[in-house]
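This report refers to the structure that appears directly beneath it.
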Amino acid sequence: MLCMAVIFISPVSNAREWYIQPTTKLRIEVDDNLRLREEGQEEDVFGIRGSFFTKYGTRTETSNIDLTTLIDVYRYWGQENLDRENMDWKVGSNFQVTEQNKIGLDADYIRDTSITSEQDLTGLTQVQVEREKFNISPHWTYILSETQSIQSKLTHEEVTYDDTVSSQLTSYKTDSANLNYSHQWRADTQLFVSLSALQYRLTDIDVETDDYSINGGFDYNYSQTLSFNFMLGARFSENRSNINGIETDDSSIGSLFSLGLKKQFESSQFDLSYTRSVSPSGSGEFLQADRFKVNASHDVTERLTIRASGAINYSTSTNDEQDNGRTYYSFQPTLDWKFNRQSTISGGYRYRMQEFDNRDAKAVSNGFFVTINYQWDKISTNRF
């Protein structure tokens, strides 16, 4: 903690620029199955969410510290035990030690509930459980040349759930290390290779997973309006457990990849991606997830914009003996009306559906929402 204080206090006390930019949102929504419960258990709800987000920080010639704070307050009618207050605090920092060496420290603290955190990966949203997540990541970048660099990063993360019985969620910790090499091969092409190792262990049960991976790929800008990205890799996972005196040990090998495309038109933009990755989860297992995402927007006028997003996620355990695959679909069209440079009102529809391989029932949710967004102008003192 003393080292962290020294790192942060020195540049802050000599800051050449301080800045802050707050944003507020008010969202009104109705949903016929907010918790994604199975058919026959749905309940309609009406809710209001107030959000306050602010970005602030400081800069000098050799340092940059960015901080963000997000507070969400939810109030619902129609069901009990849905009201909640979420908070997310992040800090990112970079310090130029020498011409070739740059160090930094990133940290993140989140307090939310399973309704928010478990939607994409596990789908265990039926019971609202408070969650706390903390991670800290020191990193170092070494500039090899004008076109090449190496970055190393260590991360420690802890996730804690208040109720691990009725929610089927379990607290866990992870430690990971990552080494990345990047090369700006041409003006339009960047190549990269990455090595990583991660240990995932449950807090209350003797279950542990070690995962190792290697991948490589490129980012390619075909033109100012069209870009591609590609990554291909492999992973090796080893799972160990000792439950009620029964020891198990198994391993698995799999692939990792990502494909992406972004296209910018005169008044529209479009991007899609398909990825396979592995990640720790609150379900007590190390999960592999396949994700397909599409985002599109079109400016009808200077003030009116149509947006749409869709996704299909399939997640399953890296342990081949488990049959717990989950498929999640989402689709959200939105209409934005910009009153002025600071104010926007949005309205839209949200469809969600999930089903599990080991269950016959599925869960479907339909929701409508209206959001009012106001962003203040950036306030800064610049002495550069």
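The values are calculated or read from the model by the stated rules, or taken from the named source; none is laboratory data. Quantities reported herein were computed from a predicted structural model and do not represent experimental measurements. Cβ coordinates were reconstructed from backbone atoms using ideal geometry, including for glycine residues, and neighbour counts include every protein chain displayed.
When residue 361 is tested against (1) of a type in the set (Gly, Ala, Ser); (2) loosely packed, with under 12 Cβ neighbours inside 10 Å; (3) without any contact (Cβ under 8 Å) to a residue 40 or more places away in the chain, exactly one condition is not met: (3). In the stretch 131-159, what residues are over 30 Å from residue 216 (Cα atoms) and surrounded by fewer than 17 Cβ atoms within 10 Å (Cβ to Cβ)? Within the stretch 131-159, 132 is the sole residue that qualifies. Kindly evaluate residue 281 against the criterion of being of a type in the set (Ser, Thr, Tyr), within 27 Å of residue 174 (Cα to Cα) and not in a strand (DSSP E or B). The answer is yes for residue 281. Considering (1) over 25 Å from residue 122 (Cβ atoms); (2) over 22 Å from the mean Cα position of the chain (by Cα), the lone condition that residue 47 does not fulfil carries the number (1). Among the residues of the stretch 73-92, those that are crowded, with 17+ Cβ neighbours inside 10 Å and in contact (Cβ under 8 Å) with a residue 40 or more places away in the chain comprise 76, 82, 84. Across the stretch 186-206, the qualifying residues are those that are aliphatic (A, V, I, L, M) and assigned to a loop (DSSP other than H, G, I, E, B), and the one among them that is surrounded by the fewest Cβ atoms within 10 Å (Cβ to Cβ) is 187.
Residue by residue through the stretch 41-63, note down the ones that are buried (at least 19 other Cβ atoms within 10 Å of the Cβ) and part of a loop (DSSP other than H, G, I, E, B). Across the stretch 41-63, the qualifying residue is only 60. The residues of the stretch 254-277 that are closer than 14 Å to residue 296 by Cβ and over 20 Å from the mean Cα position of the chain (by Cα), listed by number, are 263, 264, 265, 267, 268, 269, 270. Can you tell me which residue within the stretch 25-40, out of those that are within 21 Å of the chain's Cα centre (by Cα) and farther than 12 Å from residue 368 by Cα, is surrounded by the most Cβ atoms within 10 Å (Cβ to Cβ)? Filtering first and then ranking leaves 36. Among residues of the stretch 364-383 that are more than 12 Å from residue 349 (Cα to Cα) and of a type outside the set (S, T, N, Q), those with a Cβ under 9 angstrom from a residue that is at pLDDT below 95 and surrounded by fewer than 13 Cβ atoms within 10 Å (Cβ to Cβ), sequence gap 6+ or separate chain, pair up as 364/39; 374/342; 376/342; 377/341; 377/342. Are any of the residues in the stretch 184-203 among the hydroxyl-bearing types (Ser, Thr, Tyr), modelled with pLDDT of 95 or more and either farther than 28 Å from residue 138 by Cβ or out of contact with any strand residue (DSSP E or B) (no Cβ under 7 Å at 6 or more places or on another chain) (or both)? The answer is yes; a qualifying residue exists. Remark: residue 235 falls outside the filter, which requires a residue to be more than 30 Å from residue 299 (Cβ to Cβ), in a strand (DSSP E or B), in contact with a Leu (Cβ under 7 Å, 6 or more places away or on another chain) and without any contact (Cβ under 8 Å) to a residue 24 or more places away in the chain. If you filter the stretch 164-213 down to residues that are free of Cβ contacts under 8 Å to residues at least 24 places away in the same chain and within 21 Å of the chain's Cα centre (by Cα), you find that the one that is farthest from residue 238 (Cα to Cα) is 195. Which residues, counting only those in the stretch 261-291, are surrounded by 16 or more Cβ atoms within 10 Å (Cβ to Cβ), under 29 Å from residue 212 (Cβ atoms) and among the charged types (D, E, K, R)? Matches in the stretch 261-291: 276, 285, 291.
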